[in-house]
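Read the structure below first, then the notes.
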Protein chains: 2
Amino acid sequence: MQKSQRLIQLIMRINAKQSFTVRELADEFGLSTRTITRDLQELSELGVPVYSIQGRGGGYRLLQERLLPPISFTEGEALAMFFACQTMDYFSSLPFGEGADSALHKFYHYLPADVREQIDRLKNKIMFWSPYRLMSAEILQTLLQAIMICSVVTIEYKSSSGISERNIQPIGLYAASGYWYCPAYCFTREDIRQFRADRILSAELNRAIPCRAEISQKSLLDKPNKDDLEQITLELEMTNKGVWLLESNPRFGTFIRHNEDGSGALTIEIAAQDMNFYVDLIWQWGSEVKIVGPAEARAYMHHKIESMRLLYDR
Amino acid sequence: MQKSQRLIQLIMRINAKQSFTVRELADEFGLSTRTITRDLQELSELGVPVYSIQGRGGGYRLLQERLLPPISFTEGEALAMFFACQTMDYFSSLPFGEGADSALHKFYHYLPADVREQIDRLKNKIMFWSPYRLMSAEILQTLLQAIMICSVVTIEYKSSSGISERNIQPIGLYAASGYWYCPAYCFTREDIRQFRADRILSAELNRAIPCRAEISQKSLLDKPNKDDLEQITLELEMTNKGVWLLESNPRFGTFIRHNEDGSGALTIEIAAQDMNFYVDLIWQWGSEVKIVGPAEARAYMHHKIESMRLLYDR
DNA sequence: TTAAACAAGACAATTCCTGTCTTATTTATA
DNA sequence: TATAAATAAGACAGGAATTGTCTTGTTTAA
C-alpha cells in the first residue's frame with residue numbers, strides 16, 4: 001500500500017482505537033516503527049488531533065476527541081445537517097447542545113462556497129422556535145446521566161399541590177410542545193409517572209437505592225398498557241369553527257365526522273381516569289366544541305362554568 | 001508538495017469547483033496532466049464521487065454531490081449532530097428531511113464503535129416529539145422555494161371563515177409549538193400576515209405578480225414594530241395553582257409578582273388589538289387565573305362565560 | 001534501576017512518483 | 001465529415017520520496 005492511501009487508512013484506524021502504540025500500528029500495517037512515527041507526525045501536521053505520552057504505558061492518544069474519516073455528504077445532506085444543528089442550538093439546555101454549536105461552525109466553515117451561500121440565504125428564513133432554552137441544563141444533565149447508568153435520582157418536585165421530595169428512576173427524556181418530560185418510575189407512588197423537567201427543582205443521583213432492572217429495560221417507545229383500564233366514550237359536537245380548530249389537533253383531528261353544513265361531531269374512546277384531563281383540554285375551545293357525553297364530563301364542565309361565574313360575577 | 005498532502009488539497013479544490021478539467025488543475029498545482037489524471041483516478045478509487053466526460057467541453061464533474069473535506073468532530077459534537085439529525089427525521093415534511101435521514105446513516109456508520117454504543121444506549125431514551133410530520137411536504141417545499149427565489153405564491157387558505165384564494169410573498173418559515181408558520185406579505189390585505197402552513201390547502205408559484213423588494217429583504221428576526229400600536233395594560237390575579245401554571249409559560253412567566261400566601265398577580269402591556277387573543281389564551285386556565293382589568297377584557301370574558309352557559313344549560 | 005514508550009538524526013536501498021511521449025477514444029461543433 | 005478539445009492509458013527513465021536499520025536521547029511508571 002502506498003503512503004497516500006495508508007494515511008487515510010491510518011486516520012480510520014486511529015479513529016477506531018482511542019489509544020495505541022507505534023509498535024501496534026507498525027505490526028498491523030507491516031511497517032517499521034520509524035515509518036509509522038513519521039506518518040503520525042505528518043497526520044499531526046495535517047490537523048489530526050493526536051498527542052503522545054512518553055514512558056512506560058505511554059503511547060499515542062486521540063485528544064479526547066474523535067475524528068470522522070473523510071465522508072462525503074451530498075448538498076442536501078449538508079443542508080439538512082446544518083439546520084439540524086441549528087435546531088440543536090435551541091436545545092442548549094441539553095448536555096450536547098454545546099457540541100452542536102461548535103459542530104455547526106466547523107461544518108459551515110468547510111462547506112463549498114455555493115452551498116454556504118444557499119445556507120446564508122435560508123439562515124434567517126427558517127427557524128425552529130422552541131422555548132426549551134428556559135430549562136436549567138444541570139437538571140437535564142443529571143437526569144440524562146441517571147438514564148445512562150441506570151441510577152435512582154432524588155428530586156424535589158413542584159406539583160400543583162406543593163413541593164415534595166421523591167426518589168425516581170428515569171426511563172427517558174423527551175421534548176414535546178415546548179417542555180422536557182421525564183417518564184420515570186416513582187418509588188413513592190410505586191408506578192410510572194411523567195415528570196416535567198422544568199418542575200424538578202433539584203436532582204441528585206442516589207446510589208443508595210438499588211435500581212429496578214425491569215425499569216432500566218424500558219424505552220420511550222414502550223407505551224403504557226392502557227388496555228386494562230376502564231374506557232369511556234367521549235362525544236363531542238363542533239361548530240364550523242370548532243371543526244376548523246380540531247382538524248389540526250393531533251389528538252382529535254382524525255376522528256372528526258363532518259356534517260354537510262360544515263359543523264361536525266366526534267367520538268373517542270379514552271381511559272376513564274383521563275376524563276378530567278380531556279375536559280380541561282376541550283375547555284380551551286369554549287363554545288366552539290361542546291361535550292355531549294358522558295354525563296360526568298358534562299357535570300365537570302358545568303362545575304367549571306359555575307366557578308368561572310362565581311369568579312367574575314361579583 | 002508531496003502526493004499524500006496533495007491528495008487532501010485536491011479533495012478540497014474539487015469540492016470548491018463543481019466541474020473542472022485536468023488541464024486546469026495541472027496548471028493550478030504546477031504539475032503535468034498525467035499526474036493529475038493519476039491522482040484523480042486514485043481519489044476515485046478512494047471513494048470520491050467524481051466522474052469524467054470525454055470529448056470537447058468535457059471534463060471532470062462531481063456527482064452532483066459535494067464532498068466535505070476530512071473534518072474532525074469531537075465525541076460531543078458527533079453525538080449532538082446525531083441527535084440533531086434524528087430531530088430532523090421527525091421534520092420529514094421539510095424539504096431536506098430526507099437528506100437528514102441519509103446523513104444520519106452515513107454519520108452513524110462511520111462513528112467509532114464506542115461512540116456508536118453510547119448513541120445506541122440513548123437512542124430510545126431521548127426523543128424530540130413533534131407533530132410536524134402531519135404537514136404535507138409539498139406545500140412547505142413550494143413555500144421554501146418561493147422564499148429562496150423571492151417569488152409570489154398563490155395559495156388557497158382555510159381560515160375560520162372559509163376558504164379563500166390569496167397571493168402572498170413569503171418571508172420565512174418557522175416551526176413553533178407543533179405547527180409551521182409562514183409570515184408573508186398578503187397582496188389582498190396589503191400587509192404582513194402569519195399563515196399556518198397546515199391551513200394552506202394548495203400553493204403554486206405565481207411569476208405573473210412582481211415580488212416586492214422590501215419584503216424579500218426581511219428576515220424572521222425582524223420583529224413587527226408594535227410601538228405605534230395602541231397599548232393596553234392587562235392585569236391578572238392567580239391562585240396558587242394559577243401561579244404554578246403560569247410560571248412555566250414563556251409569555252407570562254417572567255412578569256409574575258408572588259404573594260406571600262403563594263398566590264400571585266401579573267401586569268403586562270399588550271397591543272390593544274391583541275386583547276381578544278390574550279383573553280382566549282387566559283381562558284384555558286379557567287378559574288385559576290382571573291382577569292382584573294381592563295374592563296373590555298372582563299366584558300369579553302363575561303361574554304365567553306355566558307355563551308358557555310347557553311351551550312350547556314339547556 | 002529498568003523496561004517500555006516516544007523523538008529524531010543519518011544514510012543507503014528501494015520504491016514511487018513524475019514528466020514526456022505516444023496511441024486511442026469520445027464528443028461537440030464548425 | 002473533419003477538427004478540436006477532452007479523457008484514457010501504456011511505457012520508460014530520471015529524480016524524488018519513502019522506508020528500514022541503526023543509533024542516541026528522553027520520559028515515565030513500576
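The values are calculated or read from the model by the stated rules, or taken from the named source; none is laboratory data. What you are looking at is a predicted structure, and each value in this text was computed from that prediction instead of being measured. We place every Cβ from the backbone using ideal geometry, glycine too, and count neighbours over all the protein chains shown. Just the protein is used for accessible areas: all its heavy atoms, side chains included, with ligands, DNA and RNA removed. Shrake-Rupley method; radii C 1.70, N 1.55, O 1.52, S 1.80 Å.
Laid out as a table, the results:
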read-out	value
Two-site label geometry, A:ARG121 and B:ASP261: point separation in nm, points 7 Å out along Cα→Cβ	6.2 nm
Relative contact order computed over chain B (Cα-Cα under 8 Å; 6+ residues apart), in percent	9 percent
0 to 90° range, to nearest 10: angle between helix A:97-110 axis and chain A longest Cα axis	60 degrees
Nonlocal amide H pairs with B:ASN206, under 5 Å, H built at 1.01 Å	B:VAL152, B:VAL153, B:THR154
Sites matching chymotrypsin sites (Phe, Trp or Tyr not before Pro) across the range A:175-272 that sit in DSSP coil, with at most 11 neighbouring C-beta atoms within 10 Å	none
HN-Hα J in Hz across the range B:292-300 - Karplus 6.51, -1.76, 1.60, θ = phi - 60°, x for Gly and Pro	8, x, x, 4, 5, 5, 5, 4, 5
At most 13 other Cβ within 10 Å, DSSP loop - trypsin sites (Lys or Arg not before Pro), the range B:189-256	B:ARG189, B:ARG207, B:LYS226, B:ARG251
Label geometry 7 Å along the beta-carbon vector: A:ARG56 inter-copy distances in nm	7.6
Chain B, helix-only ellipticity at 222 nm - DSSP H runs n ≥ 4, -39,500 (n - 2.57), divided by all residues, nearest 500	-12500 deg cm²/dmol
Accessible surface ranking that places the most exposed of B:MET301, A:MET1 first, with a 1.4 angstrom probe	A:MET1, B:MET301
Gain in span if fully extended, B:ILE192 to B:LEU310, counting 0.36 nm per residue against the direct Cα distance	38.8 nm
Inter-probe distance in nm under a simple model that places probes 7 Å from Cα toward Cβ, at A:GLN54 and B:GLU42	3.4 nm
Amide proton proximity set for B:TYR181, modelled H, under 5 Å, gap of 5+	B:TYR174, B:ALA175, B:ALA176, B:ALA197
Measure of compaction for the range B:231-313 (Cα Rg per 2.2 N^0.38 Å)	1.09
Shortest-first distances to equivalent copies, position B:ASN240, nm, label 7 Å out along Cβ	4.7
Neighbour-limited loop hits for chymotrypsin sites (Phe, Trp or Tyr not before Pro), the range A:1-70 (at most 12 other Cβ within 10 Å; DSSP other than H, G, I, E, B)	none
Most positive-pole-ward Cα, A:VAL153, A:ASN276, A:ALA113, against dipole of chain A from beta carbon charges	A:ALA113
Size of chain A as Cα extents on the principal axes (Å, biggest first)	88, 55, 39
Per-copy distances of the B:SER159 label point, shortest first, in nm (7 angstrom along Cα→Cβ)	4.5
The protein assembly as shown, Rg to Rh (Cα coordinates; Rh as Kirkwood inverse mean 1/r)	1.03
Largest-first ellipsoid semi-axes for the range A:1-63, taking √(5λ) over the Cα gyration tensor eigenvalues, angstrom	17, 14, 11
